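What follows is one structure encoded as structure tokens, with my remarks underneath.
The values are calculated or read from the model by the stated rules, or taken from the named source; none is laboratory data. Everything numeric in this text was worked out from a predicted model, so none of it was measured. We place every Cβ from the backbone using ideal geometry, glycine too, and count neighbours over all the protein chains shown.
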Amino acid sequence: MKALTIGRVSELTGVKVVTIRYYESVGLLPPPPRTEGNRRFYGQADVDRLVFIRRSREFGLSPEAIKSLLALELNQKQPCHSAIQIAQEHLK
């Protein structure tokens, strides 16, 4: 997939541009590379992550809970039990 602009990513994910920038500022989405003209550009991994974040927010998870779930993805040595605990805590 080619590099995508923030506007295109917004269209593909259903996440508003201002919200994408917010997610970057709070660490839910890593800062994207920039062009020589200082424009952000995104790839498929960013689109997938934003869809996950949007769905998690729709489920009612806090940004902190989402960060924890995203951290589990990076550290695949932790069992799914950790993700289940986060979901169960939210349901309480």
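For the reader, a short list of remarks on this structure follows.
Residues are listed down the side, and each one gets a yes or a no for (1) of a type outside the set (D, E, K, R); (2) on the phi < 0 side of the Ramachandran plot; (3) more than 12 Å from the chain's Cα centre (by Cα):
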site: Thr35; (1), (2), (3): yes, yes, yes
site: Asn38; (1), (2), (3): yes, no, yes
site: Asp48; (1), (2), (3): no, yes, no
site: Ile53; (1), (2), (3): yes, yes, no
site: Phe59; (1), (2), (3): yes, yes, yes
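- Matching residues in the stretch 24-74 - criterion: being modelled with pLDDT under 90, hydroxyl-bearing (Ser, Thr, Tyr) and either touching a Pro at 6+ places or on another chain (Cβ under 9 Å) or outside any helix (DSSP H, G or I) (or both): Thr35, Ser62
- Residues of the stretch 7-37 satisfying the condition of being of a type in the set (A, V, I, L, M, F, W, C), closer than 16 Å to Val51 by Cα and in contact (Cβ under 8 Å) with a residue 24 or more places away in the chain: Val9, Leu12, Val15, Ile20, Leu28, Leu29
- Failed criterion for Arg21 (all others in (1) surrounded by 17 or more Cβ atoms within 10 Å (Cβ to Cβ); (2) assigned to a helix (DSSP H, G or I); (3) not polar (S, T, N, Q) hold): (1)
- Taking the listed residues Arg54, Arg49, Arg40, the one that is touching a residue at least 12 places away in the same chain (Cβ under 8 Å), basic (Lys, Arg), closer than 12 Å to Thr5 by Cβ and surrounded by 14 or more Cβ atoms within 10 Å (Cβ to Cβ) is Arg40, with no other qualifying.
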